[in-house]
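Shown next, in structure tokens, is the structure this report addresses.
What follows draws every value from the coordinates through simple rules; no lab data is involved. Keep in mind that this is a model prediction, so the values were computed, not measured. Counting neighbours? That spans all protein chains shown, and the Cβs are built from the backbone with ideal geometry, glycine included.
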Amino acid sequence: MKTSRTSNPAPLGTGDLVQPEEECGLFGIYNMVDSATHTALGLHALQHRGQEAAGIVAYDGEQFHSHRALGLVGDNFSSNETMTQLSGDMAIGHVRYSTTGGTVLRNIQPLFADFKFGGLAVAHNGNLTNAVKIRQELVQRGCIFQSTSDTEVIIHLIAISEYGRVVDRITDALGQIQGAYSLLAITQKKMIGMRDPYGVRPLVLGRLGDAWILSSETCALDIIGAEFVRDVEPGEIIIIDDKGLHSIKPFAKKPNRFCIFEYIYFARPDSVMEGRNVYDVRKNIGAELARESHVDSDLIVPVPDSGVPAAIGYSQEAGVPFELGIIRNHYVGRTFIEPTDHIRHLGVRLKHNANAAKIKGQRVVLVDDSIVRGTTSVKIVEMVRNAGAKEVHMRVSSPPTAHPCFYGIDTPQQSELLASQYDLEAMAKHIGVDTLAFISIDGLYRAVGEQGRDLEMPQYCDACFSGEYPIPLVDHEKNPMQQQLSLLDEHK
Ligand code: AMP
């Protein structure tokens, strides 16, 4: 494989910690000239899913070519030199981010390995919940790991599988892992897409002329003018090669548990997920919020950008004007991506400013998508009060985030989650608002088109709100501290 890198690998030897696979975006294309350029465009549309690092592996019929680098897609995949080197008509790419320092190049995806059957590149969105356990077993057997990423566990399982055909090896490996995953892989002959049996993380199939595309979100199909074909189904493995596309479902069917937080915050509003437009869902949540927790007010103000669709829905339902009472500076990344508390606080100040002309003397309802640590809310409320608001109310378009995610959304450990420490009244006081309300869990389910949350068999994964984890947390239950340690290091 030819590899080019823009930063130096960090030293090896960080023990056997396996890191959660955090907040990533995937894009792959088969049978397209300039496949890497199309992939770079797709990744650019998925940049909101990870801003810390990006990578593309392309195959030209003879060789794999790889470029992986820290930073944004546009900064790393725009030069002629890089794109020419990534030749071939099949490519996969990945964007990721970390919440803490210690990001190392060897963890940037796609990961690549040479096997008995040839080369294989793999990119992963999600988080395996038994990777530490498997990794320890593999290390006992003599496997040598190159990265601290849990994706490498899959690569080793494929390597040691006793099956012959690559798809059987992959199926064998997937049968041993637990957790949330959408995976993309290319071999010398095939592009393969996989979604875990619960379908926690998204993956969609698209078509552009004779080319096939697999992507985390439909917005990445739009950017290259591709047509959306369908969602990859939970538990489905899609194999694309010169014979066309075929699909297998080798695992026992599980109840669908798509991540409801994709709708609330994570996905791009112009994407369609599981048949629903994300923007519409967010507006519905806002309308539900307005019905559930009315307060007399003069102005509905979103915390930009993520609060905007819900605030529009709220404003339309409440019949109260919507105004951009807070302006966001777009040249600062999402609050969370800054690695330290100090910078995170600073980030909030750098990012938002009150539009005092609109706010002064008004009874303002602020709408945001979630309260995690509460850092953003505290700053924003203070800013809005300083701008002369008469009353400040906060409406949140998710239920209280009281539990960490172990399935691929980056959340801090539980003790740092405001809602795990405080009740509603204490949260309102801490944030400094006159009133505070969150969407109810049933209201949220109504907004995504259900009657409410099915208590026996919830239709989505809502573990961050309910604390009900649909997939066993093998590593965490065995050793919560180890999981916490791993949270301190690498994320993607
Ligand atoms: P906090 O300031 O800790 O309460 O974080 C809440 C803000 O972070 C909200 O405005 C959200 O838009 C955003 N947010 C929520 N969850 C995440 C996440 N997993 N990754 C990045 N940003 C997030």
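Name the residues whose placed amide hydrogens come within less than 5 Å of the amide hydrogen of Phe64, ignoring near sequence neighbours (fewer than 5 apart) on the same chain.
Here Lys2 satisfy the definition.
When the dipole is taken about the Cα centre of region 2-257, and only Lys, Arg (+1) and Asp, Glu (-1) are charged at their Cβ, what size is it in debye, to the nearest 20?
With Lys and Arg at +1 and Asp and Glu at -1, about 560 debye.
Lys and Arg at +1, Asp and Glu at -1: add these up for the other residues within a Cβ distance under 15 Å of Arg276 and post the number.
Net local charge, Arg276 excluded: -3.
For the chain, calculate the relative contact order in percent as a whole number, restricting contacts to Cα pairs under 8 Å that are 6 or more residues apart.
Taking the mean separation of contacting Cα pairs over the length of the chain, I get 16 percent.
Distance cut-off 31 Å, Cα to Cα: go down the list Lys133/Lys249; Lys283/Lys351; Lys190/Lys253; Lys133/Lys429; Lys190/Lys478 and report the pairs above it.
Among Lys133/Lys249; Lys283/Lys351; Lys190/Lys253; Lys133/Lys429; Lys190/Lys478, the Cα-Cα distance tops 31 Å for Lys133/Lys429; Lys190/Lys478.
With a cap of 13 neighbouring Cβ atoms within 10 Å, and only residues DSSP puts in a loop, list the trypsin sites (Lys or Arg not before Pro) found in region 231-334.
Sites meeting the loop and neighbour criteria: Lys243, Lys253.
Just subtract the alpha-carbon distance of Lys249 and Asn355 from 0.36 nm times their residue separation and send over the number in nm, one decimal.
32.9 nm
Counting each DSSP H run of 4 or more residues in the chain as -39500 (n - 2.57), what helix-only mean residue ellipticity at 222 nm follows after dividing by all residues, to the nearest 500 deg cm²/dmol?
-8000 deg cm²/dmol
Could you work out the local net charge near Lys189, counting Lys and Arg as +1, Asp and Glu as -1, over the other residues with Cβ closer than 9 Å to its Cβ?
Combined, the nearby Lys, Arg, Asp and Glu give -1.
Residues with beta-carbon under 9 Å from that of Leu205, excluding Leu205: net charge, scoring Lys, Arg +1 and Asp, Glu -1?
+1
Rounded, prolate or oblate: which one fits region 161-288, using the alpha carbon gyration tensor with axes a ≥ b ≥ c (rounded when a/c is under 1.5, else prolate when a/b beats b/c, else oblate)?
Because a/c hits 1.5 or more and a/b fails to exceed b/c, region 161-288 counts as oblate.
Shape of region 154-217 from its Cα gyration tensor (a ≥ b ≥ c, root eigenvalues): rounded if a/c is under 1.5, otherwise prolate when a/b > b/c, or oblate?
Verdict is oblate for region 154-217.
Tell me which of Gly55, Val320, Val396 sits at the most positive position along the dipole axis of the chain, charges placed on C-beta atoms (Lys, Arg +1; Asp, Glu -1).
Toward the positive end, the furthest listed residue is Gly55.
Would you work out which of Phe258, Gln109, Ile155 lies farthest towards the positive end of the dipole of the chain? Charges go on Cβ: Lys and Arg +1, Asp and Glu -1.
About the Cα centre, the residue reaching furthest to the positive side is Gln109.
DSSP loop GluC sites (Glu not before Pro) in region 32-88 with at most 15 other Cβ atoms within 10 Å of their Cβ, which ones?
Listed in order of number, the matching sites are Glu62.
With a cut-off of at most 14 other beta carbons within 10 Å, and DSSP calling the residue loop, which trypsin sites (Lys or Arg not before Pro) in region 92-184 qualify? Please list them.
When the trypsin sites (Lys or Arg not before Pro) of region 92-184 are filtered for loop state and at most 14 Cβ neighbours within 10 Å, Lys116, Arg141, Arg165 remain.
In the P(r) worked out for region 277-453, what percent of Cα pairs fall beyond 25 Å?
Every Cα pair in region 277-453 considered, those over 25 Å come to 29 percent.
Given charges of +1 on the Cβ of Lys and Arg and -1 on the Cβ of Asp and Glu, with all other atoms neutral, how large is the dipole of the chain about its Cα centre, in debye to the nearest 20?
Magnitude of the dipole: close to 460 debye.
For region 2-257, just say rounded, prolate or oblate: build the C-alpha gyration tensor, square-root its eigenvalues into a ≥ b ≥ c, call rounded for a/c under 1.5, and beyond that prolate if a/b exceeds b/c, oblate if not.
Rounded shape, in that the Cα axes give a/c under 1.5.
For region 396-421 and region 182-238, what is the separation of their C-alpha centers, rounded to whole Å?
Centre-to-centre (Cα) distance: 29 Å.
Rounded to two decimals, what ratio of Rg to Rh does the chain give with C-alpha atoms and a Kirkwood Rh?
0.97
Using a simple charge model, +1 on the beta-carbon of Lys and Arg, -1 on the beta-carbon of Asp and Glu, nothing else, what dipole does region 195-259 show about its Cα centre, in debye to the nearest 20?
400 debye
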